[in-house]
Amino acid sequence: MLIKVLGAAAGGGFPQWNCGCPNCRDLRSGALAAQPLTQESVAVSADGERWVLLNASPEIRSQIESCPALHPRGPRHSPISAIVLTNGDLDHSLGLLSLRESHPLMIYATERVRRGFTERNVLYRTLERFPGQVTWRTVEPGEDADLGGLSIGALPAPGKPPIHLEGNGPSEPGDNIGLLIRDQRRGKRLAYFSAAAAVTVSMRAAFDAADCVFFDGTFWASDELIALGLGDKRAEQMAHLPVGGKDGSLQALAGVRAPRRIYIHVNNTNPLLRPRSPERVQAEAEGWEVAYDGMEVDL
Ligand code: MLT
Ligand code: MN
Ligand code: ZN
């Protein structure tokens with residue numbers, strides 16, 4: 001299985017347009033030797049010919065252009081055979097509206113995420129320009145999708161609805177999923193959980209059986225935005241388990257048997273983005289990598 005990270009950042013990207021936090025400021029000034037990051041999206045393929053996008057970020061156009069494997073091979077063509085959404089957050093779904101140039105799209109999502117994106121959304125009409133422009137397929141626990149040599153299954157991950165749908169009722173299991181992707185020929189397994197408020201027993205078992213895990217690396221600390229004076233929500237209120245601390249994911253996932261363990265959906269405030277920070281050194285010492293745009297994993 002080929003895995004290409006198109007975007008490794010959380011919503012807003014790195015740097016974020018309205019952010020003057022130390023990371024964003026130092027990246028702009030050149031004081032921080034790091035690379036800018038676009039918003040989270042990953043392409044996976046069993047054969048290098050047909051690709052499945054995990055999430056559709058607002059930067060999807062430049063992400064596709066940055067990756068030759070995703071370029072058309074004919075006058076009207078795309079090697080992208082399907083797009084899978086892990087939740088309805090705009091950093092994961094807004095890019096769909098950019099793919100409006102009259103091309104048939106196959107989109108996998110939970111019923112809850114499909115409805116959240118399509119209902120009462122006048123802009124969605126841009127993907128209804130001809131009958132059959134979008135084919136929605138459900139990816140729910142127990143309903144694996146068979147896609148070009150990849151089997152794609154879903155596991156509920158503790159999460160919440162997107163911010164623009166908060167207040168419409170409580171969270172439901174279909175709001176947020178992780179993906180379990182298996183290469184049918186080689187048997188290699190990817191566990192893709194870019195947003196998770198906690199690690200469930202089923203998630204832990206899936207990570208132990210995986211060859212590679214991508215996990216929620218949004219915040220290092222629960223009070224990261226508060227401490228920087230940038231917001232009033234703790235990581236948990238945004239349904240992101242922090243990486244550090246005694247209850248963080250480094251602790252919760254200590255001893256996970258997957259040989260590759262990679263943090264993705266990293267917020268621009270996260271000290272993991274500073275190559276020599278104590279937090280980065282600690283995560284790497286515990287066997288974790290931090291995703292970056294252009295990262296490739298070959299399982
Ligand atoms: C999140 O990951 O918490 C969301 O992307 C936040 C947002 O939509 O701004
Ligand atoms: Mn996000
Ligand atoms: Zn910032």
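The set of residues from segment 82-129 being part of a helix (DSSP H, G or I), open to solvent by less than 30 Å² (accessible area, probe 1.4 Å) and touching a Phe, Trp or Tyr at 6+ places or on another chain (Cβ under 6 Å) comprises Ser93, Thr118. Checked against (1) open to solvent by less than 70 Å² (accessible area, probe 1.4 Å); (2) more than 21 Å from Pro170 (Cα to Cα), Glu143 passes all but a single condition, namely (1).
Filtered by the rule that a residue be without any contact (Cβ under 8 Å) to a residue 12 or more places away in the chain and among the polar types (S, T, N, Q), segment 5-64 gives Asn18, Ser29. Of the residues contained in segment 105-116, one or more are found to be touching a residue at least 12 places away in the same chain (Cβ under 8 Å) and among the acidic types (Asp, Glu).
One residue is enough: does segment 278-288 have a residue meeting the conditions among the polar types (S, T, N, Q), under 18 Å from Glu224 (Cα atoms) and open to solvent by less than 60 Å² (accessible area, probe 1.4 Å)?
Taking segment 278-288 as the starting set, the residues that turn out to be among the polar types (S, T, N, Q) are 282.
Retained after the next criterion (residues that are under 18 Å from Glu224 (Cα atoms)): 282.
Those still in the list that are open to solvent by less than 60 Å² (accessible area, probe 1.4 Å) too: none.
No, segment 278-288 contains no residue that is among the polar types (S, T, N, Q), under 18 Å from Glu224 (Cα atoms) and open to solvent by less than 60 Å² (accessible area, probe 1.4 Å).
Just to be sure before I move on: is Phe193 within 26 Å of Asp293 (Cβ to Cβ) and either within 14 Å of ligand 2 (Cβ to nearest atom) or open to solvent by 20 Å² or more (accessible area, probe 1.4 Å) (or both) in the structure I sent? In short, yes.
Search segment 159-186 for residues being within 17 Å of the chain's Cα centre (by Cα) and among the charged types (D, E, K, R), and hand back the single one that is nearest to Ala209 (Cα to Cα).
Initially, segment 159-186 is screened for residues within 17 Å of the chain's Cα centre (by Cα), giving 159-163, 174-181.
With the extra rule that they be among the charged types (D, E, K, R), the set shrinks to 160, 175.
On the way: Lys160: 26, Asp175: 24 Å.
The selected residue is Asp175.
Considering only residues of segment 1-16 that are touching a Cys at 6+ places or on another chain (Cβ under 9 Å) and away from ligand 2 (no atom under 15 Å from the Cβ), which is farthest from Phe219 (Cα to Cα)? The selected residue is Met1. Of the residues making up segment 80-101, not one is polar (S, T, N, Q), touching a helix residue (DSSP H, G or I) at 6+ places or on another chain (Cβ under 9 Å), closer than 21 Å to Ile152 by Cβ and more than 16 Å from ligand 2 (Cβ to nearest atom).
Can you work out which of the residues in segment 160-183 that are open to solvent by 30 Å² or more (accessible area, probe 1.4 Å) and part of a loop (DSSP other than H, G, I, E, B) is nearest to ligand 2 (Cβ to nearest atom)? Don't jump to the end; show me each part of the working.
Kept after step one, since they are open to solvent by 30 Å² or more (accessible area, probe 1.4 Å), are these residues of segment 160-183: 160, 163-173, 180, 182.
Remaining after also requiring part of a loop (DSSP other than H, G, I, E, B): 160, 166-172.
Values: Lys160: 11, Glu166: 14, Gly167: 18, Asn168: 19, Gly169: 20, Pro170: 20, Ser171: 15, Glu172: 18 Å.
The extreme case among them is Lys160.
So in segment 27-81, with the set limited to residues that are basic (Lys, Arg) and assigned to a loop (DSSP other than H, G, I, E, B), which one is farthest from Ala8 (Cα to Cα)? Per the stated criteria, the residue is Arg76. For Arg182, the conditions (1) in contact with a helix residue (DSSP H, G or I) (Cβ under 9 Å, 6 or more places away or on another chain); (2) modelled with pLDDT of 95 or more are fulfilled apart from (1). Any chance segment 171-181 includes a residue that's without any contact (Cβ under 8 Å) to a residue 60 or more places away in the chain and closer than 21 Å to Val42 by Cα? Yes, some residue in segment 171-181 is without any contact (Cβ under 8 Å) to a residue 60 or more places away in the chain and closer than 21 Å to Val42 by Cα.
Specify the residue that is nearest to ligand 1 (Cβ to nearest atom); the eligible residues are those in segment 184-228 that are in a loop (DSSP other than H, G, I, E, B) and among the β-branched types (Val, Ile, Thr). So the residue we want is Thr218. Pairing each residue of segment 271-293 that is among the polar types (S, T, N, Q) with any residue that is surrounded by 15 or more Cβ atoms within 10 Å (Cβ to Cβ) and part of a helix (DSSP H, G or I), provided the two are 6+ apart or on different chains, yields C-beta distances under 7 Å for Ser277/Pro271.
The values are calculated or read from the model by the stated rules, or taken from the named source; none is laboratory data. Computed from a predicted model, the values in this text were never measured in an experiment. Please note: Cβ atoms are built from the backbone with ideal geometry, for glycine as well, and neighbour counts cover all protein chains shown. Note: areas computed on protein heavy atoms with side chains; ligands, DNA, RNA excluded. Shrake-Rupley method; radii C 1.70, N 1.55, O 1.52, S 1.80 Å.
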